[in-house]
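For reference, the structure is listed below as structure tokens.
What follows draws every value from the coordinates through simple rules; no lab data is involved. As the structure is a prediction and not an experimental result, all values here were calculated from the model. Neighbour counts are summed over all protein chains in view; Cβ atoms, including those assigned to glycine, are modelled from backbone coordinates with ideal geometry.
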Amino acid sequence: MGKNDNNNDKLTAEEARRSLDSIRGSGKRIVDQLHVPWWHDPLLGLCLALLVMHHGFPTPLDILSVALGCLGVFFVLHNYTHQKVWVSGWRKGKTEVVSYIFFVVYLIVFAASYYFNWKGYTWVVPLSGAFIFVALMIFGRVWMAVWRKEMEESE
């Protein structure tokens, strides 16, 4: 029995302070536990680049590139979501805005690559893939920095 059991479970100032300190420290603990392996962004960038470039490959290879791209995305996301702590890219806050920006950029590059390849500018296809690969490297770093800053500010 605690000393406050007779006071309808009211917290003392010391207990409240300790509880608040514990909550404030939880953000740092979460940030410290999130682990993103070094290969995460390059592999995801390669997979998304394959999906952007698939229409530039001859017929049997285009289906293979889509399959490899989708399997790679599945593998990376499965690995990421099956760790002790992981964070969705579509969470509320500034990280959601960063995710939407990348998503829109991806769709624009995908559509432009398809259109220009259809018009005969086949050199755009590998350029689009390279752009998406580099954009994902940047996106991954920016997203993680924004998330870490949000976690620090929430304390």
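Distance between the modelled labels on Val104 and Trp123, one decimal in nanometres: 3.0 nm (7 Å Cα→Cβ projection). Listed by Cβ neighbour count within 10 Å, with the fewest neighbours leading, Phe139, Phe131 appear as Phe131, Phe139. According to the square roots a ≥ b ≥ c of the eigenvalues of the Cα gyration tensor, what is the shape class of the range 12-153, taking rounded for a/c under 1.5, prolate for a/b larger than b/c otherwise, and oblate for the remainder? Taking the square roots of the gyration eigenvalues as a ≥ b ≥ c, the range 12-153 is prolate. Residue exposure proxy: Asp41, Asp62, ordered by other Cβ atoms within 10 angstrom of their Cβ from fewest to most, comes out as Asp62, Asp41. Here Phe133, Phe74 are placed in order of increasing Cβ neighbour count within 10 Å, fewest first, which gives Phe74, Phe133. With each label modelled as a point 7 angstrom along the Cα→C-beta vector, the His55-Glu150 pair spans 3.2 nm.
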